[in-house]
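Okay, so here's the structure we're looking at.
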Amino acid sequence: MDLIKTITITVLILVFSSVAFAEPEGINNSICTSYNLPTEIYAGTTFQAKVTMENNGETDWTKTWGYKLGSWDERDNYTWGIARADLDNYDEIISPGEAKEFTFTITAPQQPGTYSSKWRMVQEHNEWFGEDCGVMAVNVKAKPVLKLGNIPNIFVNENGPAKIRFVNLKSNNYVSGYIGTLDNLGFRIVDHLYDNQNLLNCYLENDSIQGQYLSCDAPKPNAYGSGNFTIEVTDDAAKPEDSRAFYKMFFQVLKDNYSPSCSEINVITTDAALNEGEHKLVKSYFRNTTQEIFYVTNVRVYSSNSKLKTTLSSYNSLIEPGKDWEINVYLDADQVSNDETATVSIEYSGEFRNNGQVQQCGIPNPKVKTYTATIKNTDPQPVGPSCSDIDILTNTVYLDENTREIAKFDVRNTSTENFTITEINTTESSSYISIYNDSVEDSSIGAGATENDALKVEVEAYSVSGDKSATANTAIEGRFSGGRTCSYSEITQPFTVEINETGNSGSDSPVLSGIPDTEVDENSDNKDNDRIIDLWKYAFDDDDSDSELYFRITQQNNTSLIYCYIEDDRWVSCEAPREDRTGRNTITVEVEDTDHNTNQDTFSIDVVSQDSGICSDISVSTKTVFMSESDTEKVSFDIRNRGDSDFAVYDVTVTENSSYVSVRNIDFDSYVNSDDAGKIEFDLVSPAVSGDKEATVTVKVRGRFDDGRSCAFSDLTRSFRVVIDNDGGSNSSICRDIDLKATDITITENTSRTKTITVENNNNNSFIVDSVRVSETSPYFRTSIRSKPSSVSANRTANILLNIETETVSRDRTDPVEVSVSGHFSNGRSCSTSLINTEFDVTVDDKGSNNDDVPVEPSGTVNLSLSKAFVSVDKGEKETVTVTVKNDLDSRDCFTLQAYGNQIANASLNNSNVCLSSGASENVTLTLTGMDRGTTNIQVKASYGDKSKSKFVSVDVSGVAEESSIRASSEAVVDGTKVRFDLLNTGFDLRDVRISLLDAPEGIEFNDISKGLWNAGEEVTVEIETNDFEGQIDATLEIRSDAGITTLPVSLSVDKNTEEDGLATGLVGLATTAGIALGLIILLILVVLGILSIFSKKKTEVEE
């Protein structure tokens, strides 16, 4: 009977289970009715999320059958710390038509950025269903760092009061970077970091109304001195490692009727020694033997020897009584040929602050302490000659435009050892010339040698407008017989190339003179320096009006201070000067008229100081803000502290001068550490405007350094421009079709790099680029526009190329660059810079930071190849050559392409900028147009950074072929041992002609004939000296000119058994009897019937 009961119960349970837990049948579906999710949240913080889903399907939702709310948009992701949220319990049933509010805790990602927070219903092991619900873009912000600071130091008198209450720590004046309520903060004094507690016992006491106070008991009776303790603050509601900060407090018990002496403040130094090329940290010490705290206000370190550089690394600005505090100085030694010494000076000043009474030391004349540093030469050269004993004796090279000339230079050796030249390197520094070949003709330079034509350099001059001068430089490497080696930098010599214009039209050059030197204010804005010089006032031309003249800046020597440019082909305008810098930029402007004649004038832009003093260490980095009408723009600027003391920001005001913009929600960091930056943030709100408008907004800062010096609003004022775009009601949406793409970049200090900004046109209309603006206010680098596109075709891309030049930095520095574009579509719709802009970060890498992640300079080169090395084209006709550009660098880079035409052939490229990945190549079309009869070489050049690569194509421009000929115009005449005949130029004028006899047997003499101009129809007499030679002479007469190389075969038969003048009578008879065998020149008669042959040109390649 028991057995039967058991079976029955089991069966009933199974039956009941199959009824109560039957899998739901029907369609799953849901809709999102509401949600409470953040749109902005700090990284790593939590939020109580709520999402309500309504069941509008055909099934019941139960926990048993796995109905849950799941993370979506990459399903089951753990972006927010949870993938799925359950129903409350197994009894809960959400029937069709009912809604369920899911409540769960989410945790923001640790990394700042934009994240999706989407949620959707899921039946586990079956399907996801229904609408998704949530926020597409949640802004996860970096969590502020909790900081404690700016608490004033404690001063009490000897035998002072029984108890003193100083400050309320729970105050925004001392706590920053905290996002909760101050009541959650806990403070304590760290016992083991308390120095001299027996003198003054300080502690924290709570006040339920006011907060937590720092208080101290009465000092030890009849005692005085100083000490310090450390206060720790923690966020009781957070993890200690996330929210913890420390601040070191100093206190001083002042002796009654005591006055310290400046002579008791000293710097303790020791002499230093370091090897050449070494970077070494040397420590000195401030020593305070008084009974009061000494505040250091200024320290400067310098060296008496230029071979030793000094860098002040760190020092403590507060020197306690009886304590030594480090002064850390880095010494950098240059290479030296012998041991050298330097005097290192430490210059300092400061003050005592006895309970508000200031006693200054070293002001205005700072105190100075010195020590000696010795630089040791670690690699002495072998005893013997010096590289200065080797000189390259260059001379000026004179040549006409569009010609080549070979220059030979002597190398003088004034030492007592032989010198062997191993390498030569010749470079040009002008676009008027190119160096084709340089070679060592005589590598062995004996001791005392002076005349040897040891070096050969081939120079070509291009077309010029007016006579020009160019500079080139020749350098050699080599070694003395005793073993000492010399590098290019040790044996180098410049030389001048004077270029004569041969095709001058006769018109006068324009006049450009009297451009005045101009001053701009330090820290002035772009707007202040717009159109500061009108060039039309200083230019004049007899034939052209002012508007027909073309102006360009050919040189400016200090663009790192201030960069200037030509605006509207009339005005000199300048960008804002580098912050907190003064100095001079010397600028040369060139004017060109319609006849391509030029003239130049030079002037200076001086950046002059506006202010000085301690407050100049604090600056606000502003930039122009572009915004749309009826818009709110979040603005963030840096407060930079370049001083040696921390700076407390008491107040910031932001005011506008226009009804077109208003300022709201001002926020700022209340404390900026030394050599660091804080933030000022506020909202700019613009109304609807009838047209594009501008406004000026002024930022003022007030605060105090922690050493007590204050700065008022009048000391720290900075203005910036706000440009408000009138959208016209319809342009904003179409302007979104233009997208600027830029990525962050890291560049080594003291270098320059090309940065590519891609302009993407996603519209079916072409976009014409009106202007490109680059905005940055960094003191660590300067950005300029290298090239920009004129238009971007529909649904295509184009590139903006920027050049970024970096300065020296003490550690890695990062600042933003803003790029903005204005223009209009081919359908007439326009876009302003406020609608098309982007921003990227530039990190300047300190080479001394040992950052292994910084990209190195790319290795390899760019390669050019031409589809044709020689082109023949008729005057007025065109011929094309395919130029293949290949990037053999190990990284992506952009290349600027140039083709240099002249009066014989014009050259143009269909693309002047090519950006290629490593190993990629692209074809560019070179179009050559015949301008005048002649032969020339056209240079095609690819530049990247400070390097370039060139290829040359030879071009022969001709008219009728018969015009290009040279013929023998007379029979040969014998005069003793000489043979003469005439050559007639039956073609066009030839320039720079040289006639030579090649491959003649030994004993035959021929003096080369040179002519600057061989006119058409003119004869030239050729004379060959046979001397005592007897037999057959087979040689070649070579004629070189600007039209190329012509060769004529020459055949002579000389017989010594003749009766007259040592030559066979048959030579004379040649003039009368062509058949006598003695004669000279059988093949010369054929020359009379021949025509000019132009031989192939020499192909050269130059890599700079």
For a quick protection proxy, order the peptides 974-983, 334-343 by their average other-Cβ count within 10 Å, most packed first. 974-983, 334-343
Need one number for the range 268-387: average projected area of the convex hull over its C-alpha atoms, nm². 8.3
Please get the size of the charge dipole for the range 262-376, origin at its Cα centre, with Cβ charges of +1 on Lys and Arg and -1 on Asp and Glu, quoted in debye to the nearest 20. 160
Mind scanning Lys170/Lys248; Lys307/Lys369; Lys323/Lys367; Lys875/Lys947; Lys376/Lys847; Lys700/Lys741 and naming the pairs with a C-alpha gap bigger than 26 Å? Lys875/Lys947; Lys700/Lys741
Neighbour net charge for Cys387 - beta-carbon separation under 15 angstrom, K R +1, D E -1: -4
Which whole-number percentage describes the relative contact order of the range 27-141, with Cα contacts under 8 Å and a sequence gap of 6 or more? 36
Charge dipole (the chain, unit charges on Cβ, about Cα centre) - positive-most of Ser434, Thr45, Ala137: Thr45
For the chain, cysteines with no other Cys Cβ under 4.7 Å from their own Cβ are listed as none
Set the Förster radius R0 to 51 Å, insert the Cβ-Cβ distance between Thr808 and Val1020 as r into 1/(1 + (r/R0)^6), and round the FRET efficiency to 0.05. 0.20
Which one, Asn906, Thr370, Ser226, is farthest towards the positive end of the dipole of the chain when Lys and Arg carry +1 and Asp and Glu -1 on their Cβ? Ser226
Cross-link reach from Lys978 to lysines, straight Cα distance under 26 Å and at least 8 residues apart if same chain, gives Lys1011, Lys1056
Return the Rg/Rh value of the chain, two decimal places, where both radii are evaluated on C-alpha atoms and Rh is the Kirkwood radius. 1.10
In percent, what relative contact order does the chain have, based on Cα pairs under 8 Å that are 6 or more apart in sequence? 4
Output for the range 402-552 (equivalent-ellipsoid semi-axes, sqrt of 5λ from the C-alpha gyration tensor, Å, descending) is 46, 23, 11
Full-extension gain in nm, Ser658 to Asp932, via 0.36 nm per residue minus C-alpha separation: 92.4 nm
Divide, for the range 27-141, the radius of gyration over alpha carbons by 2.2 N^0.38 Å, where N is the residue count. 1.05
Site Ala218, offset 7 angstrom along Cα→Cβ, radius 17 Å on amide nitrogen, limited to the range 148-176, gives 156-165
Given Cα pairs under 8 Å that are at least 6 residues apart, what percent is the relative contact order of the range 147-254? 38
How big is the dipole moment of the chain about its Cα centre under a simple scheme where the beta carbon of each Lys and Arg is +1, that of each Asp and Glu is -1, and everything else is neutral? Debye, nearest 20, please. 3940
Among residues other than Tyr565 whose Cβ falls under 10 Å from its Cβ, what is the net charge (Lys/Arg +1, Asp/Glu -1)? -1
Beta bridge orientation in the chain: antiparallel %, DSSP, nearest 5: 90
Largest-first semi-axes in Å of the equivalent ellipsoid built from the Cα gyration tensor of the range 108-192 are 52, 13, 10
Within straight-line cross-link reach of Lys163, lysines at Cα separation under 19 Å, skipping those fewer than 8 residues along the same chain: Lys220, Lys255
Based on other C-beta atoms within 10 Å, arrange Leu997, Leu182, Leu281 from fewest to most. Leu281, Leu182, Leu997
Computed on Cα atoms only, the convex hull of the range 240-336 has an orientation-averaged projected area in nm² of 9.7
For the pair Ser826 and Leu193, the simple spin-label estimate (label points 7 Å beyond Cα toward Cβ) gives in nm 6.8
Give me D for the range 511-608 in µm² s⁻¹, whole number, from Stokes-Einstein with Rh from the Kirkwood sum over alpha-carbon pairs, 37 °C and 0.692 mPa s. 240
Once a ≥ b ≥ c are taken as the square roots of the eigenvalues of the Cα gyration tensor of the range 337-496, is the result rounded (a/c under 1.5), prolate (a/b larger than b/c) or oblate (a/b not larger than b/c)? oblate
Pick out, from Ala1000, Ile1024, Val924, the residue whose Cα sits farthest towards the positive end of the charge dipole of the range 881-1024, with +1 on the Cβ of Lys and Arg and -1 on the Cβ of Asp and Glu. Val924
Residues of the range 917-941 with amide N under 20 Å of the 7 Å Cα→Cβ point at Arg786: 917-925, 940-941
Highest mean first, what order results for 586-597, 863-874, 929-940 on Cβ atoms within 10 Å? 929-940, 586-597, 863-874
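Taken together, the values in this text are just the output of simple stated rules run on the coordinates, not laboratory data. It should be emphasised that the depicted structure is a prediction, and the values quoted were computed from it without experimental measurement. Positions of Cβ are backbone-derived with ideal geometry, glycine not excepted, and every protein chain shown enters the neighbour counts.
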